[in-house]
Amino acid sequence: MECFDSAILGIGLLGAGIYTSFVPKDEINQLRKVLSGKAVDAYQKINQERFTQYLQGLGLGFILVILINHFYGDNISNPYHKTTLFLLIVLAVSLFYYLLAPKSDYMLNHLTSQQEINAWLNVYKTMKNRYIIGFLLGAVASVPISNALCYK
């Protein structure tokens, strides 16, 4: 993969992760206000499980990067290219692991009223949109940096 491509994708995924992790607290608080006591407990368990799966994916990504660096690291001479490629690998592995890992429970199983469903849908849409916007912001921000560091 070329330096410029890995930079745009790697920094884009980094931007997506950062922007998604800063969800406005008022949206989460609004969801918690609407949820029943059992649903709040389920939300916390599901949230913890998903966070654990994300960390496991990061761990797998780091292991893969260590192996790739050991066997092929000398083939990439540009340090910026190597860094962004490794960032891309770690974050892409984490993303795919998160998407493909089996989930023990889903929030929809615990929503009983239309108000709860609407609040959950609002949080879901916000997270999805923040991920996409964060990716785009990261990718766009990487363009001038990558032009300077990939083609020197």
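Laboratory data are not the source of any read-out in this text; all were calculated from the coordinates shown. Since the structure is predicted, the reported quantities are computational estimates derived from the model, not experimental observations. All Cβ positions, glycine included, derive from the backbone under ideal geometry; neighbour counts span all protein chains shown.
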Problem set entry | Computed [θ] at 222 nm, helices only, for the chain once each DSSP H run of length n ≥ 4 contributes -39500 (n - 2.57) | -29000 deg cm²/dmol
Problem set entry | Exposed-loop-free span, longest in the chain, where chymotrypsin sites (Phe, Trp or Tyr not before Pro) count as exposed if DSSP calls them loop and at most 13 other C-beta atoms lie within 10 Å | 23-105
Problem set entry | Principal-axis tilt of helix 25-34 within the chain, Cα atoms, nearest 10 degrees | 30 degrees
Exercise. What full-extension length gain, to one decimal in nm, is calculated for V140 and E27 as 0.36 nm per residue of separation minus the Cα-Cα distance?
Worked result: 38.0 nm
For this session: Pick out, from I66, A42, Y54, the residue whose Cα sits farthest towards the positive end of the charge dipole of region 25-66, with +1 on the Cβ of Lys and Arg and -1 on the Cβ of Asp and Glu.
Result: A42
For this session: Sum up the charges of everything whose Cβ sits under 15 Å from the Cβ of S21, counting Lys and Arg as +1 and Asp and Glu as -1, but leave S21 out.
Result: +3
Problem set entry | Integer Hz, Karplus 6.51/-1.76/1.60 couplings in order for region 2-13, x for Gly and Pro | 6, 4, 4, 5, 5, 5, 4, 5, x, 6, x, 5
For this session: Just the number, please: Stokes-Einstein D of the chain in µm²/s, Kirkwood Rh from C-alpha pairs, 37 °C, 0.692 mPa s.
Result: 191 µm²/s
Exercise. Which of D26, D105 comes first, and how do the rest follow, when ranked by fewest Cβ neighbours within 10 Å?
Worked result: D26, D105
Exercise. I132 to D5: extension gain in nm, 0.36 nm per residue of separation minus the Cα-Cα distance?
Worked result: 44.0 nm
